[in-house]
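J.: Got a structure here, written out as structure tokens. Questions coming.
The numbers here are math on the coordinates, done by the rules we state, and not lab data. Bear in mind that the values here come from a model prediction, so they are computed numbers and not experimental data. Here the Cβ is made from the backbone with ideal geometry for all residues, glycine too, and neighbour counts use every protein chain on show.
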Amino acid sequence: MDFLTYVKEHKQEIIEGTKELLKIPSVLDHFDPNSETPFGKEIQEALDHMLNRAKKDGFVTKNIRNYAAHIEHGEGDDLLGILCHLDVVPVGDNWTNPPFQPVVKDGKLYARGSMDDKGPTMAAYFALKFLKELDVEFNKRVRIILGTDEETGWRGINEYFKTEEMPTIGFAPDASFPLIYGEKGMYTFDVDGKYLDDGIIEFRSGERYNVVPDYAEAILKDDLKERFNTFLKYNNFKGEVKDNKYIVYGKNAHAMTPNLGVNAAFILATFLSENYDNPYMTFIKDKLSFDPFAEKLGINFTDEEMKEFTLNAGVFKYNQNEVMIGINCRYPKHFDFEASEDKVKKALKKYQLDYKFKTNNPIHYVDPNDELIKSLMESYQKITNDHESKPFTIGGGTYARALDKAVAFGMVMPGRKDVAHQVDEHIYIDDLIEGTAIYMEAIYKLTR
């Protein structure tokens, strides 16, 4: 059966359906476990949109108290899970077009969530829809599981699996092709402290641990405008002063590749450390700034298979009473977690700062010789005719790690730049179409 030809015949349907989901600004505002909409009205709108669409298309659906939901088709004892998420990260600044007004230009569909993860979610949805329309019989049930806070705390998917069946096998369309069989461990901690500083009234940057912040601002008591402008010009940084607010602009990137971003907080803290005797700013400059592999802290590490340890300082808050830094790390196999914690704690003492452990999600790994991986690779190769690209590991954390046996499978094509979490996020239309056909082939193969 020629799935790619079938998908191409439905190209416009896929584009328009994806646009409709992308219009919903499903960024987490706040979490309220006592609310009927625990993740806010926008994420709820996205969840309702998918479930209403699925019902109209004749699928079985189930909503787990608005924490998560699934769309199901097929029969059988075994369950194939396709794990997607509907929430997106904050948009940041300097978009060419409004981030929730999807635009097709130069063969690309631009919008926040187009690559992470609404575009891939719709590709998986249309793959299942088209197989259903073609009356393909399955020997497994297939569930598209819709998460709601993958970008923040995984509370939705964790709540889902408290009551719902664990799929036998699965994949998450939330990374890269051809296939990711291993994901680094994810480790977060806070740096806390208390300071009194007459010069620095406030400093803040970033909203999420898993995003390199592209904006930082400080309110100062002193007039340092001339020094600040000289600092920016000399170092070729972007920024401005509005009244007594000193602003710096950087570049967003995903926390798994912080080296691809420009952390605005690092720039501003460097300037402030040069003008104030402030341990917090000095710590940022001495131990964090422009060091995505944590060499300054002495916890850098590389594994041959899973590559480098990375560190992203994503959230900064400073006032005249309390300070904090929110840090997200991605670690490979054989990383000495306890020894690294000790080194961080020791480094913080010098700067009158404290260490506060938050989370540690272990490495997720499926043997690259497993039948699941072989089947998915065959599906990818059949549609793309790409027999050169090989499975690999990443620093990102996808819903694949929520299952006992699952991998990340698409949708960034080999050779494409990963623009998840970045300004002007987009997906190539050709990749969206080809990805849909790959998912059709994969679902077909896994349910024989």
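J.: Once you have the Kirkwood Rh of region 44-185 from its Cα pairs, apply Stokes-Einstein at 20 °C and 1.002 mPa s and quote D in µm²/s.
T.: 132
J.: Collect residues whose amide H, placed 1.01 Å from N in the peptide plane, falls under 5 Å from the amide H of MET115; neighbours closer than 5 in sequence don't count.
T.: HIS426
J.: Moving on. Taking the alpha-carbon centroid of each part, what is the distance from region 121-189 to region 384-448 in angstrom?
T.: Distance between centres, Cα-based: 12 Å.
J.: Looking at ALA54, TYR331, ALA313, which one has the Cα that reaches farthest to the positive end of the dipole of the chain (charges on Cβ: Lys, Arg +1; Asp, Glu -1)?
T.: ALA313
J.: With θ taken as phi - 60° and the coefficients 6.51, -1.76 and 1.60, list the Karplus ³J(HN,Hα) couplings across region 198-207 in order, rounded to whole Hz; mark glycine and proline as x.
T.: These are the phi-based 3J(HN,Hα) values: 6, x, 9, 7, 7, 8, 8, 6, x, 10 Hz.
J.: Using the Karplus equation 6.51 cos²θ - 1.76 cosθ + 1.60 (θ = phi - 60°), what ³J(HN,Hα) coupling, rounded to whole Hz, does each residue of region 320-336 give in order, writing x for Gly and Pro?
T.: For region 320-336, the Karplus curve yields 7, 10, 9, 9, 7, 9, x, 10, 10, 10, 10, 10, x, 4, 6, 5, 8 Hz.
J.: Okay, next question. Please compute the length gained on full extension between GLN352 and PHE31, using 0.36 nm multiplied by the number of residues separating them and subtracting their Cα-Cα distance.
T.: This chain segment gains 112.4 nm when fully extended.
J.: How large is the dipole of the chain about the Cα centre if only Lys and Arg carry +1 and Asp and Glu carry -1, each at its Cβ, rounded to the nearest 20 debye?
T.: 460
J.: Treating each Cα of region 185-360 as an identical point scatterer and ignoring solvent, apply the Debye formula and state log10 I(q)/I(0) at q = 0.10, 0.18, 0.19 Å⁻¹.
T.: -0.36, -1.13, -1.24
J.: Let me ask something else about it. Rounded to whole Å, give me the distance from the Cα center of region 270-323 to that of region 364-383.
T.: Between the Cα centre of region 270-323 and that of region 364-383, the gap is 38 Å.
J.: Express the C-alpha Rg of region 1-80 as a ratio against the empirical globular expectation 2.2 N^0.38 Å, rounded to two decimals.
T.: In units of the 2.2 N^0.38 Å rule of thumb, it is 1.35.
J.: Now for a different question. Where does helix 118-133 land angle-wise versus the long Cα axis of the chain, in degrees 0 to 90, nearest 10?
T.: 10
J.: Then there is this: Rounding to the nearest 20 debye, state how big the charge dipole of region 1-84 is about its Cα centre with +1 on each Lys and Arg Cβ and -1 on each Asp and Glu Cβ.
T.: In debye, rounded to 20, region 1-84 gives about 220.
J.: Which listed residue (ASN158, ALA127, GLY74) has the Cα farthest towards the positive end of the charge dipole for region 1-158, taking +1 on Lys and Arg C-beta and -1 on Asp and Glu C-beta about the Cα centre?
T.: Checking the options against the dipole of region 1-158, the answer is ALA127.
J.: Would you mind ranking VAL323, VAL88, VAL104, VAL315 so that the residue whose beta carbon has the fewest other beta carbons within 10 Å leads the list?
T.: By the 10 Å Cβ count, ascending: VAL104, VAL315, VAL323, VAL88.
J.: So for the pair LYS307, ASP386, with labels modelled 7 Å out along Cα→Cβ, what separation do we get in nm?
T.: Output for this residue pair reads 1.5 nm.
J.: If amide hydrogens are placed 1.01 Å from N in the peptide plane, which non-local residues have theirs closer than 5 Å to the one on VAL103?
T.: Amide H neighbours of VAL103: TYR110.
J.: Additional query: Under a 5 Å amide H to amide H cut-off, with H placed in plane at 1.01 Å, what residues pair with ALA408 once short-range neighbours are removed?
T.: Counting only residues 5 or more places away or on other chains, the set is ALA172, ILE180.
J.: Residues with beta-carbon under 12 Å from that of THR152, excluding THR152: net charge, scoring Lys, Arg +1 and Asp, Glu -1?
T.: Every neighbour counted, the sum reads -4.
J.: Could you grab the Rg to Rh ratio for the chain? Cα atoms only, Kirkwood for Rh.
T.: 1.00
J.: Express in nm, to one decimal, how much length is gained between ASN360 and GLN101 on full extension, taking 0.36 nm for each residue of separation and deducting their alpha carbon distance.
T.: 89.6 nm
J.: If neighbour count is taken as other Cβ atoms inside 10 Å, put LYS356, LYS405 in order from fewest to most.
T.: Least to most surrounded, the residues fall as LYS356, LYS405.
J.: Please figure out what share of the DSSP beta bridges in the chain is antiparallel and state it in percent, rounded to the nearest 5.
T.: Bridges in the chain are about 80 percent antiparallel.
J.: Looking at LEU224, HIS426, SER26, which one has the Cα that reaches farthest to the positive end of the dipole of the chain (charges on Cβ: Lys, Arg +1; Asp, Glu -1)?
T.: LEU224
J.: Right, another one. Neighbouring Cβ atoms within 10 Å as the yardstick, rank LYS350, LYS285, LYS417 fewest first.
T.: LYS417, LYS350, LYS285
J.: Given the Cα-Cα distance of ASP342 and PHE293 and 0.36 nm per residue of separation, how much length would full extension add, in nm?
T.: Computed gain between ASP342 and PHE293 is 15.9 nm.
J.: Taking the Cα centre of region 185-360 as origin and charging only Cβ (+1 Lys, Arg; -1 Asp, Glu), how large is the dipole, in debye to the nearest 20?
T.: Computed charge dipole of region 185-360: roughly 140 debye.
J.: In deg cm²/dmol and to the nearest 500, what is the mean residue ellipticity at 222 nm of the chain if only DSSP H runs of at least 4 residues count, each as -39500 (n - 2.57), divided by the residue total?
T.: Mean residue ellipticity, 222 nm, calculated: -9000 deg cm²/dmol.
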